[in-house]
Amino acid sequence: MPQTVLDTPMGPIGLHWTGQTLTAVDLAPDAAGGAAAELPTALAGQLAAYLADGSASFDLALDLGGTPFQQRVWAAIRVIPAGATRTYKDLAEQVGSAPRAVGQACRANPCPIVVPCHRVVAVKGLGGFAGDRSGRKLAIKRWLLRHEGVAVD
């Protein structure tokens, strides 16, 4: 599977794809993870547009895998507009589940940023991001939300 690590304003991110289909975004990539490959044109263009303007959206072919429940949660997340947030509780009510299960689906999201689970927050505070409740990944969540114009602590 082709991959590359990009330096971005939020730090390095790893991208993995097959053909023109994005399969993973790694928020903590191993810089020695293999030879860099040239990004598919759509991925490169849309990522550059988003990094330049937080209101830009993604319309990429994705291979997310996941359970039917995770797929429902990820579909609900993908329609949250840039600059907006929803709580885990809001999404749980929308998909007929519990907030903790929504959080677990967010944690399992293989393509954060593109499937914008950073827009899902706790009722009070940010909640976690990609399985972290502090550290670099939560700093990325803060950066992404600020980049989209959301006021965060």
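The values are calculated or read from the model by the stated rules, or taken from the named source; none is laboratory data. These numbers were taken from a predicted model, which means no experiment stands behind them. As a convention, Cβ positions derive from the backbone with ideal geometry for all residues, glycine included, and neighbour counts pool all protein chains shown. Surface accessibility is based on the protein's heavy atoms, side chains included, excluding ligands, DNA and RNA. Shrake-Rupley method; radii C 1.70, N 1.55, O 1.52, S 1.80 Å.
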Nearest-5 percent of antiparallel DSSP beta bridges in the chain?
80 percent
Phi-based couplings in Hz for the stretch 20-26 (Karplus 6.51, -1.76, 1.60; Gly and Pro marked x):
9, 9, 6, 10, 6, 10, 9
Antiparallel versus total DSSP beta bridges in the stretch 1-90: what percent is that, nearest 5?
90 percent
Spit out the partnerless Cys residues in the chain, using Cβ distances under 4.7 Å as the pairing rule.
Cys111
With a 1.4 Å probe and all protein chains kept in place, how much accessible area does Cys117 have, in Å² rounded to the nearest 10?
10 Å²
Would you grab the residues whose amide H sits under 5 Å from the one on Ala24? Only those 5+ places off in sequence or on another chain, please, with H modelled 1.01 Å from N.
His16
For Lys124, which aspartates and glutamates qualify as cross-link partners when the Cα separation must be under 12 Å and same-chain residues fewer than eight apart are set aside?
Asp153
Accessible area, probe 1.4 Å, largest first, for residues Asp26, Asp59:
Asp59, Asp26
Thr85 accessible area, nearest 10 Å², 1.4 Å probe?
50 Å²
Using θ = phi - 60° and Karplus 6.51 cos²θ - 1.76 cosθ + 1.60, couplings along the stretch 52-61 (whole Hz; Gly, Pro as x):
7, 8, x, 8, 5, 10, 10, 9, 10, 5
Of the accessible area of the chain, with the probe set at 1.4 angstrom, what percent is carbon plus sulfur?
52 percent
Which order do Glu93, Glu38 take when ranked by solvent-accessible area (1.4 Å probe, heavy atoms of all protein chains), largest first?
Glu38, Glu93
Report the full-extension gain for the segment Ser134 to Thr41: residue separation times 0.36 nm, less the Cα-Cα distance, to one decimal in nm.
30.1 nm
Compute the acute angle (0 to 90°) between the alpha-carbon long axis of helix 68-78 and the principal axis of greatest extent of the alpha-carbon atoms of the chain; round to the nearest 10°.
80 degrees
Averaged per residue, the 1.4 Å probe accessible area of the stretch 18-153, protein heavy atoms only, in Å², is roughly 50 Å²
In whole Å, largest first, the alpha carbons of the stretch 44-146 cover along the principal axes 36, 28, 21
